[in-house]
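Single-structure report; data block below.
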Amino acid sequence: MLFRSSEGGWFVTQLVRFRSGFPEKFGGWTVKTLDQYVGAARSLFPWVTTDGNTLTGVGTSKKIYVNAGTTLYDITPIATTYTHSTTPSSDNCFSTTNGSSVITGSLTANNAIDGDYILIDGMWNQFTGSISGTTLTVTAIAEGTVVVGQGINGTGITAGTTITAQLTASTPAVASPTRTSGGSTGTNTFVVSSATNIVIGQLVIGANLPTNTYVTNIVGTTITLSNNFTAPGATSTVYNFYTAAGLGTYTVSASQTVASTTIDTTISGIPTLAFMGEHEIYDVSGATFKFDIGIPATATASNVGGKNISVYFQINIGNDIVTAGYGWGAGPWSRGGWGSGATTPIYLPARLVFMDNFNNDLIFNVNGGDIFYWVYDAAFSYRAIYMRDYPTAVAVPQQVNKVMFTPSGHLLALGCTTYDPTAPAPDYLGYYDALLIRWANVDPDIGPEPTNWEPLLTNTAGYLRCSSGSRIVTAFNTRQETVVFTDTAISSLQFLGTVEVFGLQELSHEITIAGPNAVTAANNIVFWMGLNKFYLYSGRVDTLPCTLRQFIFDDINQTQSQLIIAGTNNQFSEVIWFYCTADSNEIDRYVIYNYADNIWYYGDLSRTAWIDSSIISNPVAASSGWLYKHEDGVDDGQPGGTNLPITSWIQSADIDIEDGDKFMLVRRLIPDINFTNSDTAENPTPSVELTVGVRNFPGATAATTNAEGNSTTKTVETTATIDTYTNQVFLRARGRQINFKIMSDTLGTQWQLGMPRIDARPDGTRG
């Protein structure tokens, strides 16, 4: 007799989907970007600019990027800036230790934490020069500027040599203030009208000053010089303070003789090319912090770095995953003894980023933080800025769980700070309300104004509050409404076009949602994963029946439910959820609902963010620092362009005869497999493995001997190779129950399974 495989159903799959009821291997993937992102990516957002550029925002636990083509552009906002022109404390704020590549910095009010990133700019210089005694002569500049206070290195230059003063210059002055007082004969101090852009070491030229006079100290507008005035002169005299930026002569700290050579500037023996750029900091304690540049210093020095330094601190990083916090301040006030740490963990959320586009630009927020605004330019030369710092910003919420646009064009802040127009700035931004919804204005003439959040009688900015639950978890746009999820309820937010602007109608107060990204939509239906079941909204809220429900929710690491992401693959009618299994703190498994075939299947795959191919050619996913283009080829594309085979398989449930009362003998199988779309250039003869297993009792492992005591190694685990020319497989397998497994693990293989048939016959009732 012949048994169809569907009789017993399918038991488990790995990277296998169903199309029109038939299983097939997943499509492959390739690496989309040449650059690797930093942190754990939790969000992807695609949009198309008016000049035809397809962009994807990438939000990670440490950075924000925009992907264009194969390139990732870092647009992470800068939280704190120290520049030499505005904050002299950023000059000479670093220390080195001879033989160590670790740099110690000191900048007050940096608000940094361990793991944050800083960007150092304005340091690298390369020029041609010679040294005679303590006089450095610069004859050509290849890159950058020559800066007093910088170390220099090159062939024959004594280690630890620094530029101490500028003697002559061929460049214009950067500061030309008027002397207001001081400057008597025989003194070396005077007062200027403004000390802007004046730094220690600059050359000074003016009436009654000897040649080679330079600045030795600055206190407010009082300037101390290296030489005395030869005559008092008039207080209205203008003095030129030259920038150390051009050809000329300079004083160095160590006497030596060096022929004309290429010279790099250094920070106490460290090339500034290594010092400049981005660094991850650690050991943050107040104003001090450390970072490692990988090149040992050749001198020990304090308060080095030279002039013209700019130091930029990026916004704080967040947690890769949900973490548990203990200790003082981690638990509720008044719980436990004074000064004692919390014994019950307080779970600290992972950092999530929520994005939406405004025309060409990107608007985003970090969960529980500020809203940011990134202005698009084709050169990607700008970073995002705080929306509250945007020129037209009014009453922008400064603590927001999620930001998004509605179909009506209003920018929403879900779970955010209140607004009190009677309070003076900045107190009009009051307390945080986890159930509050605020929205920005949409002008009837000019359209959305995402930076204007001040509710007035003359605009449409406003707010309302959810009535159920303790916090807003997320929201999702569908059709002409926005569904808002709290931790216990779902409501419909609809644009009314009246004075109230929006109305909020509760749809159900008996739902849960696993996390902010656990919701998606397909076929005009909203799907989401709850804490113990799946749901859908199609005009009404219903439970989505799931044949894998018990397995999935027993399998989930509920502590990391915040990380769950939902997505779609509309080409195959799939709704996908990626989640962390019980023993994992990072996403490692998926479950799929195929709404065309009304079937569920699951498998192992690590993807931390996902977007479908709505405005992009293929679905794109994130994992381990890379973006991947899915349904591209049939293999596992690796960084660098190499391919690895994808191991995919499907196993049937057990099949028996007469409810297992009788043994059966399986003699042959008709596999019904085709290899359409296989990469025959990679693998001219694509194949799969067919494994047949038998059991004598339900739940038992495969036996090694049969009832007669003979070896069954070949028959219990019978494997044959199925290729494009195989019509049938002959074997002998005996048992009360059988199952079979189709598996491929070779390059270039794509397979689809039709309706396999098993040739089996009753073989007695032996016990």
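Quick one: net charge of Lys63's neighbours, Cβ under 14 Å, K/R +1, D/E -1? It would help to have the intermediate numbers written out before the result.
Numbers: positive: Arg42, Lys62, Arg351, Arg383; negative: Asp35, Asp74, Asp116, Glu278, Glu280, Asp320.
With Lys, Arg at +1 and Asp, Glu at -1, the neighbours total -2.
Given labels modelled 7 Å from the Cα in the Cβ direction, how far is it in nm from Glu454 to Thr168?
If labels sit at Glu454 and Thr168, their model points lie 5.9 nm apart.
How far apart, in nanometres, would the label points at Thr581 and Tyr432 be if each is projected 7 angstrom from Cα along the Cα-to-Cβ direction?
Each label point lies 7 Å from its Cα, and together they span 3.5 nm.
Just want the ordering: Ser623, Ser614, Ser101, from fewest to most Cβ atoms lying within 10 Å of their own Cβ. Don't skip to the end; give the middle numbers.
Values: Ser623 19, Ser614 9, Ser101 15.
Final ranking by Cβ density, sparse to dense: Ser614, Ser101, Ser623.
Using θ = phi - 60° and the Karplus curve 6.51 cos²θ - 1.76 cosθ + 1.60, what whole-Hz ³J(HN,Hα) does each residue of the range 465-481 get, with Gly and Pro shown as x?
The phi angles translate into 10, 5, 9, 10, x, 10, 7, 7, 8, 6, 8, 8, 7, 8, 6, 10, 9 Hz.
Could you order the peptides 213-224, 579-590 from most to least packed, using the average number of other C-beta atoms within 10 Å per residue?
On the way: 213-224: 16.5, 579-590: 18.1.
Answer by packing, highest mean first, reads 579-590, 213-224.
5 Å is the cut-off here: which amide hydrogens, built 1.01 Å from N in the peptide plane, fall below it relative to Gln166, excluding neighbours closer than 5 in sequence?
Leu203, Thr251
Within the set Lys290/Lys629; Lys63/Lys741; Lys32/Lys62; Lys533/Lys629; Lys533/Lys741; Lys62/Lys741, which residue pairs have Cα atoms separated by over 32 Å?
From the list (Lys290/Lys629; Lys63/Lys741; Lys32/Lys62; Lys533/Lys629; Lys533/Lys741; Lys62/Lys741), the Cα-Cα distance tops 32 Å for Lys290/Lys629; Lys63/Lys741; Lys62/Lys741.
Quote the FRET efficiency, to the nearest 0.05, computed for Thr97 versus Arg761 with a Förster distance R0 of 51 Å and r equal to the Cβ-Cβ distance.
Numbers: r = 82 Å, r/R0 = 1.61.
E(calc), rounded to 0.05, equals 0.05.
Let me know the volume per residue of the alpha-carbon convex hull for the chain, in Å³. Spell out each step's value before the answer.
Working: hull volume 187.5 nm³, N = 767.
Output value, Cα hull per residue: 244 Å³.
Report the normalised scattering of the range 130-264 as log10 I(q)/I(0) at q = 0.17 Å⁻¹, calculated by the Debye formula with identical scatterers on the alpha carbons.
Normalising to I(0) and taking log10 leaves -0.85.
Tell me the mean residue ellipticity at 222 nm calculated for the chain from its helices only (DSSP H runs of n ≥ 4, each -39500 (n - 2.57), averaged over every residue, nearest 500). All intermediate terms of the calculation are to be shown ahead of the outcome.
Details: 3 runs with 15 residues, N = 767.
When only DSSP H runs of four or more count, the value is -500 deg cm²/dmol.
Going by how many other beta carbons lie within 10 Å of each one, how would you line up Val501, Val620, fewest first?
Numbers: Val501 20, Val620 26.
With the fewest neighbours first, Val501, Val620 line up as Val501, Val620.
Would you calculate the convex hull of the Cα atoms in the range 353-512 and tell me its volume per residue in Å³? It would help to have the intermediate numbers written out before the result.
Details: hull volume 19.1 nm³, N = 160.
So the per-residue hull volume is 119 Å³.
Report the FRET efficiency, 1/(1 + (r/R0)^6), for Asn524 and Arg732, where r is their Cβ-Cβ distance and R0 is 60 Å, rounded to 0.05. Please list the in-between numbers first.
Details: r = 53 Å, r/R0 = 0.88.
After rounding, the FRET efficiency stands at 0.70.
Using the Karplus curve 6.51 cos²θ - 1.76 cosθ + 1.60 with θ = phi - 60°, what ³J(HN,Hα) values do you get for each residue of the range 662-676, in whole Hz, with x for Gly and Pro?
10, 6, 10, 10, 9, 9, 7, 10, 9, x, 6, 10, 10, 10, 4
Computed from the coordinates by the stated procedures, all read-outs in this text should not be read as laboratory data. The shown structure was predicted, so the numbers you read here are calculated from the model rather than taken from an experiment. Here the Cβ is made from the backbone with ideal geometry for all residues, glycine too, and neighbour counts use every protein chain on show.
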